[in-house]
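Taking it in order: structure first as structure tokens, then the write-up.
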Amino acid sequence: MIEFLLASNGRAALDYMRRSASLRENWPLLVAFALIAFFWILLYLWDQFQRRRRSRPQKAESLLQELCKAHKLSYFEQQLLAEAAAQQGLKHPGQLFVDRRLLAELAKPPNPHAARLTKLSEKLLGPGEPT
């Protein structure tokens with residue numbers, strides 16, 4: 001078949017075959033293909049990132065850490081709050097930032113950290129008596 005084309009059109013057929021296989025003539029097609037592949041890979045990676053981010057359950061301890069960071073508490077104050085939450089057996093340690101009574105129960109004299117807990121309670125919730 002090719003021999004027939006070459007015989008009938010000769011030089012024009014050879015020029016076409018050389019030109020259609022050259023990179024110089026097909027570079028726009030290759031660039032378009034590369035851009036489409038890059039865009040598809042980017043979308044795939046973004047989707048995987050979003051799925052992983054959404055499926056991660058939030059832990060109660062992470063809320064406590066975020067609240068400590070928002071209130072600019074020192075490392076020792078954070079440790080004190082974590083210990084207080086553990087002593088209270090709180091399922092949601094972030095309650096310490098809302099309920100004054102929780103810290104007041106632990107800030108009684110037999111506790112060696114009573115004074116520090118009282119100061120921390122005043123720092124977080126302001127001065128006042130537990131209700």
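The values are calculated or read from the model by the stated rules, or taken from the named source; none is laboratory data. The model shown is predicted, which means the values in this text are computed figures rather than measured ones. All Cβ positions, even for glycine, are placed from backbone atoms using ideal geometry, and neighbour counts span all protein chains on display.
Against the test of being surrounded by 12 or more Cβ atoms within 10 Å (Cβ to Cβ), free of Cβ contacts under 8 Å to residues at least 40 places away in the same chain and over 21 Å from Gly126 (Cβ atoms), the options Gln48, Gln65, Gln88, Gln78 yield a single qualifying residue, Gln65. Scanning segment 101-131 for residues that are more than 15 Å from His71 (Cβ to Cβ) and among the charged types (D, E, K, R), we see that the one that is modelled with the lowest pLDDT is Glu129. Which residue pairs have Cβ atoms closer than 8 Å, lie 6 or more positions apart in sequence or on different chains, and pair a first residue in segment 102-131 that is under 19 Å from Lys72 (Cβ atoms) with a second residue that is of a type in the set (Lys, Arg)? What qualifies is Ser121/Arg100; Leu125/Arg100.
Among the residues of segment 115-131, which ones are surrounded by 13 or more Cβ atoms within 10 Å (Cβ to Cβ) and either under 17 Å from Gly89 (Cβ atoms) or hydrophobic (A, V, I, L, M, F, W, C) (or both)? Those that are surrounded by 13 or more Cβ atoms within 10 Å (Cβ to Cβ) and either under 17 Å from Gly89 (Cβ atoms) or hydrophobic (A, V, I, L, M, F, W, C) (or both): Leu117, Leu120, Leu124, Leu125. If you go through segment 87-125 and keep only what is over 33 Å from the mean Cα position of the chain (by Cα) and not in a helix (DSSP H, G or I), you end up with Ala107, Lys108, Pro109, Pro110, Asn111, Pro112, His113.
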